[in-house]
Amino acid sequence: MSTTTTAQVAAIADIWLENRRGGSTLGIAERRPRISWTTAAEVSIESLDLELLRGDGSVQRHTEAGAQSRLIAWPFPPLSSRESVILRVRPGGDSVPPDAEWSAPLQVEAGLLERSDWAVPFVAASVSEPQGTLRPGYLLRAEWDSTALGLEPGTVQRARIYSSAHGIYELELNGRPVSDDLLSPGWTSYSHRLRYQTYDVTEAVRSGRNAVGVWVADGWYRGRIGFEGGLWDVYGQDASVLVQLELTRSDGTVVLVPLTDAWRWSESPVTEAGLYEGESYDARLLPAGWSEVGFDATGWKTPTQLDLASFPAELEPPTGPAVRVTEVLPPVSVELVAGNRIRLDFGQNIAGKLRIRVAGPAGHVVTLHHAEVIEDGLLGVRPLRSAVSVDRYTLAGAGIEEWTPRFTLHGFRYAELENWPGGIETVDVEALVVHTDMERTGWFDSSHPGLNRLHENVVWSMRDNFVDLPTDCPQRDERLGWTGDIQVFAPTAVRLFGVHGTLSGWLRDVAYEQADQGHVPNFVPWIECGFPNHPTAAWGDAAVIVPWEMYRHDGDTRVLADQYASMRAWVDLVDNLTGNTGLWNTGFQLGDWLDPTAPPESPGDSRTDKYLVATAYHVRTARLLAETATILGKDADAAHYRTVAERATTAFQAEYIAPNGRVVSDTVTAIAVAIVFELFATEEQVARAGQRLLHLVAASDFHISTGFVGTPIICDALVRAGGLDAAYHLLLQDELPSWLYPVTMGATTIWERWDSMLPDGSVNPGDMTSFNHYALGAVADFMHRVVAGLDSAEPGFARLRIAPQPGGGLTHASASHLTPFGLASSRWRRDGGRFFLDVEVPPGTTATVVLPNEGGVHEVGAGAHSFTSGFRDPSDDPAKPPFSRW
Ligand code: BGC
């Protein structure tokens, strides 16, 4: 999104490529990456000077007219494979001194852009293993001599490893880890695309002899994944690595290090590895110095070479950040419990693993158990189903030994150490929080501690479930890219973290799997483990809604263009399923999944008619597609999808809306969907339906009565019905079922079910009970947008709308968001009858500020602004019941 006016800004504070602010610029896929910048201080910019130092030493310059700061088209000749360039920019134009300062340089390097750039095969430590039991991990190593390759000391200008694996892998060079990435190459639809990593190993490469080593084991490619017993070796049977090591001389010539025949493999200290099951590691088996020069590899075996041509999947650089340890948590309590186990409570439910420091005799085995909750005084492991989540460490007996597993991940707050040597006082264990290393972009705070904890829980559930791809849960035998979950959560996700890279990669898999299955499967990547493989409303609609929400956030139409075929295929399919009537009333549906009245064993049994939900979503995505087609200049398509949407709207009205505005499925979700998706024929109907909604919500005594579909929109529906007060009642309710009930139960993440834990502390008896699902946390978007009032007025935040709607007895609330233009915030407080609002509007943007009550509407430019007005909160009325126990 561009600003067409002259921006009031000066020094360039930051430059980045595509929508990947803060992201790596090493090994990128784009030949012509688009450039964005933000500024710090205030001065006007009439144009932008861009300077590129090319790989061949030449300098190219370009002046971009105007003050556009977002997604400037690459003005230089395209990058070639491996080309490394340095980009810097500065304000240009008459009012800027000719010696104006350049921005800090941004080093950019293209990855291997052509398949033909790959010159090595996969090398396999194992080409197949029996299924049904866990397999070991493997070590592979190779040595080379730089001098023998004609590279004299000081002549290696740069060294790069381009690498990937079938399985999960980690690299070492001359005895040291090459990066802190975890679980690489992550999970993609491997039959279509496999990501490779690019590592800068210039500092690690020595003159003379060098050694490279790889740990590889089962993961998503090979091993067991999925529920109902899961599937083995979904993508292939080999555990292999692809490692292309290139050294560049100072004259720019590239030397491919001939590792292929030098590789040898051995079994590793990892005796068993499973993403769900855990890892067993015998430290006695670690061959000392195995990834260093001079190691005696006698007995190591020659790996099988697997020609790259036999794996047609595209090799691509990651579009998003890697998975890493993002935080280390010490235990908040350590206690001895039954069975002579030591229980650790980390005070926070996480996706991660333990790091232990332990001393004891060689051969002593410590067992590490993980669980999200305690039930009846024991670790509550039943909800994990077949994800046993147990790690085992066998000591080498060499003083203090430090260990953390490499090839597994657990969802847990509690851990128990079994057979810990040396007693409780010697426990030295931390929890490592592991997830995609996304940039935090959204914050919320208020005077309500429960609401703040709810928000914190949403943030944690998002962190814990963005483990390379957006998943449902991090703990049980699932951890799948459920489409419905991210569909409802997308507006919140784009607020809280920089997710563009992660989601744009995942959407490519959506398109691939959609092409394979003939519809958008219920989770992506799709694996056939018994779940109904049918088009499903609210789940398949992710193909349209996720790109749309990304576009709304970033203001970048490219995601729409890239996903257009997928978006269209979904809407066309549903249109066909309705027999071109617009009424989707047949086939499998998940409906308002996890409506609180659905029985534990039947979570899809919601009160709301499933087909009402299906047709409503059909209207919504057909409309969004029509809008998308308009944005992309596809006018004929736009007209067609408008017709599809209108037909579906008419069908919805005929089937589900009585002339007086009554919605036939008389539930909170049904009415909320009809209001928020704008499905009524007349304003009178909306008003009548709104009254009915207010009645139903009050009749439920402001307890939640919605599932996945209704929950993200119920507060908005109430506000549109004139029930801001009711929305606050619902939001701040803390009795079961409600958003705050889990908070009263000590939850530190968002639960899958409203009652994942029952009031007596027992775990919901359903077979599907997670304590870490982000879907029902989608209300955080409402907290930012309505409670704190920070919203965008157009895609990409070039114009903001700041319109806090205080209530619920809150005395202050604030939200801030790192928009593509910089930090925006809205911070209000009230004091007696006065209302105070402080806003921050990023450079290059403007804001419409709407004060509550009769405070008026104000148009403001970039900078900090303060407003005051009179205010009365209806909930202050002593005749009204209190909102909650807080
Ligand atoms: C997942 C959900 C998902 C649902 C749909 C569950 O097992 O955890 O979050 O959307 O199935 O059936």
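The values are calculated or read from the model by the stated rules, or taken from the named source; none is laboratory data. Quick caveat, the model's predicted, so the values are computed rather than measured. Cβ: placed from backbone, ideal geometry, glycine included. Neighbour counts: every protein chain shown. Calculation scope for accessible area: heavy atoms of the full protein, side chains included, ligands and nucleic acids excluded. Shrake-Rupley method; radii C 1.70, N 1.55, O 1.52, S 1.80 Å.
Annotations
- The chain: relative contact order as a whole-number percent, Cα under 8 Å and 6+ apart: 10 percent
- Shape category assigned to the stretch 542-688 from the gyration tensor of Cα positions, a/c cut at 1.5: prolate
- Å² per residue, accessible surface of the stretch 492-579 at 1.4 Å: 25 Å²
- From the alpha carbon centroid of the stretch 644-669 to that of the stretch 443-475 is 34 Å.
- Computed in the context of the full set of protein chains, the accessible area of the chain at 1.4 Å probe radius has 50% of its extent on carbon or sulfur.
- Length-normalised contact order for the stretch 763-851 - Cα pairs under 8 Å, 6+ apart - percent: 24 percent
- Crossing angle, helix 542-554 versus the chain [Cα axis fit, 0-90 degrees, rounded to tens]: 90 degrees
- Of the residues Thr319, Thr260, His166, the one whose Cα sits farthest toward the positive end of the charge dipole of the stretch 115-319, with +1 on the Cβ of Lys and Arg and -1 on the Cβ of Asp and Glu, is Thr260.
- 18 Å cut-off, amide nitrogen to a point 7 angstrom out along Gln157 Cα→Cβ, residues in the stretch 103-146: 106-112
- Global geometry of the stretch 41-106, whether rounded, prolate or oblate, following the gyration tensor of its Cα atoms and the 1.5 cut on a/c: prolate
- The angle separating the long axis of helix 683-699 from the principal Cα axis of greatest extent in the chain is about 70 degrees.
- Accessible area per residue for the stretch 5-110, computed on protein heavy atoms with a 1.4 Å probe, is 43 Å².
- Ordering of 185-197, 228-240 by packing is 185-197, 228-240, highest average first (other Cβ atoms within 10 Å, averaged per residue).
- HN-Hα J in Hz across the stretch 114-129 - Karplus 6.51, -1.76, 1.60, θ = phi - 60°, x for Gly and Pro: 10, 4, 6, 6, 7, 10, 10, x, 5, 10, 9, 7, 8, 9, 5, 9
- With Cα atoms defining each centre, the stretch 119-181 and the stretch 256-329 are spaced 6 Å apart in the structure.
- Crossing angle, helix 558-577 versus the chain [Cα axis fit, 0-90 degrees, rounded to tens]: 60 degrees
- If you take all other residues with their beta carbon under 15 Å from the beta carbon of Thr643, and give Lys and Arg +1 and Asp and Glu -1, the sum is -1.
- The C-alpha atoms of the stretch 224-383 occupy a region whose extents along the principal axes are 65, 38, 35 Å, arranged from largest to smallest.
- Signed unit charges on C-beta, dipole axis of the chain, positive-most listed residue Ala538, Pro474, Ile225: Ala538
- Relative contact order (%) - the stretch 439-592, alpha-carbon pairs under 8 angstrom, separation at least six: 20 percent
- Relative to the Cα centre, the charge distribution of the chain, modelled as +1 at Lys and Arg Cβ and -1 at Asp and Glu Cβ, gives a dipole magnitude of about 700 debye.
- Ligands, DNA and RNA excluded, the heavy atoms of Ile657 present near 20 Å² of accessible surface to a 1.4 Å solvent probe.
- Calculated [θ] (222 nm, deg cm²/dmol) that DSSP helices of n ≥ 4 give over the chain, each run adding -39,500 (n - 2.57): -6500 deg cm²/dmol
- Ordered from largest to smallest accessible area (heavy atoms of protein chains, 1.4 Å probe), the residues Thr615, Thr868 come out as Thr868, Thr615.
- Note that the stretch 293-304 has calculated 3J(HN,Hα) couplings of 5, x, 5, 7, 9, 4, x, 6, 9, 7, x, 7 Hz, one per residue in order, obtained from phi through the Karplus relation 6.51 cos²θ - 1.76 cosθ + 1.60 (θ = phi - 60°); glycine and proline are x.
- Whether the stretch 665-758 is rounded, prolate or oblate, judged on the alpha carbon gyration tensor where a/c under 1.5 counts as rounded: prolate
- Scaled to the globular estimate 2.2 N^0.38 Å, the Cα spread of the stretch 763-886, given as radius of gyration, is 1.25.
- Pairs of alpha carbons in the stretch 197-272 separated by more than 19 Å make up 54% of all such pairs.
- Given charges at beta-carbon only (K, R positive; D, E negative), |dipole| of the stretch 511-610 in Debye: 160 debye
- Global size of the chain: 28.3, 88 Å for Rg and Dmax (C-alpha atoms, Rg to one decimal, Dmax whole).
- Estimated inter-spin distance, Ser47 and Asp605, nm [label 7 Å along Cα→Cβ]: 7.1 nm
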